[in-house]
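Worksheet: one structure, shown below.
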Ligand code: SF4
């Protein structure tokens with residue numbers, strides 16, 4: 001039987017911020033692909049890089065397990081792999097060349113390899129599976145097993161023939177997601193994940209995907225794996241998987257990894273009914289859009305199902321910037337969705353983005369004001385990051401080539417890679433300032449609750465109050481640095497010349 005060793009290129013310890021947080025999620029997409037091959041009769045195993053020391057650790061796994069094929073299959077459901085971080089890219093290259101030197105066939109499927117396939121082919125990969133990989137991988141393995149290699153007949157594959165890169169037709173996305181085998185959870189060391197979550201957070205969260213793709217067109221958002229089509233598992237299928245995660249695997253919290261949770265009309269309501277019929281008890285977080293949350297009875301259904309946190313791509317408090325991003329949402333919708341979520345006992349959380357071309361100090365202030373007014377439960381602050389395949393990337397591609405840097409090394413780098421309104425260090429200070437300011441305000445709000453309604457104070461409130469003195473000096477420090485750096489603004493003539501405005 002052909003032996004296929006799966007791995008992925010995300011090493012938690014190569015991403016200092018995430019390593020510190022210790023909230024790791026197993027590589028879900030990798031587990032889907034492994035399950036799909038196992039169902040077809042292949043012998044599969046997993047070398048999970050999440051807690052590994054480095055790519056060298058792969059060698060002992062290869063020596064003990066002796067695979068015919070190594071498949072580096074990244075978790076396309078996790079935003080960390082969508083960032084195409086160079087620390088992980090280097091690790092992937094290293095694993096590819098180690099496997100080749102042992103005579104193993106090497107296949108890669110990831111966002112980064114889809115964008116930079118030639119780099120991966122240069123570093124030991126023989127085949128790049130682009131986009132959603134289960135079917136493509138199955139067809140490729142069949143050919144390798146039979147010894148009849150006609151890779152040009154397989155959609156969604158890139159390879160080299162006589163030194164020339166051959167790019168096959170795109171693979172159609174899967175419509176019937178329920179036809180996929182359940183992810184191969186048995187391949188993961190669940191105890192290790194649980195141990196780390198319990199130590200860092202006091203609960204255990206696992207990940208599930210209920211949909212693939214997103215039909216919206218925010219012009220900076222790269223979707224190289226699941227694309228612009230949107231397909232969903234049935235609520236029945238999701239509930240069956242949830243029973244496994246919250247039962248056998250012991251999760252008490254779930255991250256719904258979907259770009260957009262519950263877009264199909266009626267889906268969330270049906271899901272909530274099933275969760276209640278089955279008496280499933282778990283907390284979960286989702287990602288959605290403010291306009292969608294305001295449709296039908298979505299927020300009400302989310303609350304009925306037990307949703308704890310809804311992350312929304314708020315991005316900016318300036319309508320001008322939302323429009324420039326082709327976000328398709330209104331600032332007022334951010335306000336209204338936040339009110340609705342809070343009213344139903346769901347914690348709103350905002351993804352925010354600074355530095356988008358054309359953003360002025362007034363736009364930044366509008367975002368800061370919005371956060372202060374609405375006070376979501378949490379914020380995730382980033383800077384605009386041009387990834388291949390987006391309109392935004394095409395717009396600044398010349399500047400990226402000039403600067404010679406196109407990707408972040410790790411998820412906390414947050415460097416502005418193009419000519420933005422303010423110098424790159426300004427945005428780093430802005431991000432730190434906003435975090436400190438936000439935590440300070442949370443502490444002060446909790447203090448107010450303590451004095452006005454002590455019976456409603458939660459344990460987290462006490463922690464927030466205690467953290468005020470910790471965040472205060474940082475807020476002033478980063479605020480001052482931001483102000484100084486903000487003085488060296490680029491003029492509108494310069495921005496026009498760069499093509500940024
Ligand atoms: S809605 Fe979210 S996932 Fe969809 S295009 Fe916009 S940012 Fe991307």
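The values are calculated or read from the model by the stated rules, or taken from the named source; none is laboratory data. Just so you know, these numbers come straight off a predicted model, no measurement behind them. Cβ placement follows ideal geometry from the backbone for every residue including glycine, while neighbour counts extend to all protein chains displayed.
For this structure, a couple of remarks:
- Restricting the first member to the range 204-229 and to residues that are closer than 23 Å to residue 136 by Cβ, and the second to residues that are within 10 Å of the ligand (Cβ to nearest atom) and not in a loop (DSSP other than H, G, I, E, B), the beta-carbon pairs closer than 9 Å and six or more apart or on different chains are 222/82; 223/82; 224/82; 225/82.
- Scanning the range 396-409 for residues that are at pLDDT 95 or above and either in contact with a strand residue (DSSP E or B) (Cβ under 8 Å, 6 or more places away or on another chain) or surrounded by fewer than 18 Cβ atoms within 10 Å (Cβ to Cβ) (or both) yields a single hit, 409.
- Of the residues examined, residue 229 is not one that is within 16 Å of the ligand (Cβ to nearest atom) and at pLDDT 95 or above.
- The criterion of at least 2 residues that are more than 24 Å from the chain's Cα centre (by Cα) is met by the following strands (runs of 3 or more DSSP E) wholly inside the range 83-178: 105-109, 157-161, 164-167.
- Out of 217, 237, one residue alone is within 16 Å of the ligand (Cβ to nearest atom) and surrounded by fewer than 20 Cβ atoms within 10 Å (Cβ to Cβ). It is 217.
- Among the candidates 131, 124, 156, residue that is within 16 Å of the ligand (Cβ to nearest atom), on the phi > 0 side of the Ramachandran plot and crowded, with 17+ Cβ neighbours inside 10 Å: 131
- Each residue in the range 188-214 was checked for being within 16 Å of the ligand (Cβ to nearest atom), in contact with a helix residue (DSSP H, G or I) (Cβ under 9 Å, 6 or more places away or on another chain) and in a loop (DSSP other than H, G, I, E, B), and 2 pass.
- Within the range 44-71, the set of residues being in contact with a strand residue (DSSP E or B) (Cβ under 7 Å, 6 or more places away or on another chain), surrounded by fewer than 20 Cβ atoms within 10 Å (Cβ to Cβ) and part of a loop (DSSP other than H, G, I, E, B) comprises 66, 68.
- Verdict on residue 329 being within 23 Å of the chain's Cα centre (by Cα), surrounded by 19 or more Cβ atoms within 10 Å (Cβ to Cβ) and under 13 Å from residue 378 (Cα atoms): no
- Among the candidates 25, 32, residue that is in a loop (DSSP other than H, G, I, E, B) and surrounded by 15 or more Cβ atoms within 10 Å (Cβ to Cβ): 25
- One residue stands out in the range 241-264 among those that are more than 16 Å from the ligand (Cβ to nearest atom) and either part of a loop (DSSP other than H, G, I, E, B) or within 17 Å of the chain's Cα centre (by Cα) (or both): the one that is nearest to residue 75 (Cα to Cα), namely 254.
- In the range 335-349, the condition of being within 14 Å of the ligand (Cβ to nearest atom), surrounded by 15 or more Cβ atoms within 10 Å (Cβ to Cβ), modelled with pLDDT of 95 or more and under 26 Å from residue 114 (Cβ atoms) is met by no residue.
- Between 262, 250, 306, the distinction of being on the phi > 0 side of the Ramachandran plot and surrounded by 23 or more Cβ atoms within 10 Å (Cβ to Cβ) belongs to 262 only.
- All positions within the range 274-292 that are farther than 17 Å from residue 245 by Cβ, in contact with a helix residue (DSSP H, G or I) (Cβ under 8 Å, 6 or more places away or on another chain) and away from the ligand (no atom under 16 Å from the Cβ): 276
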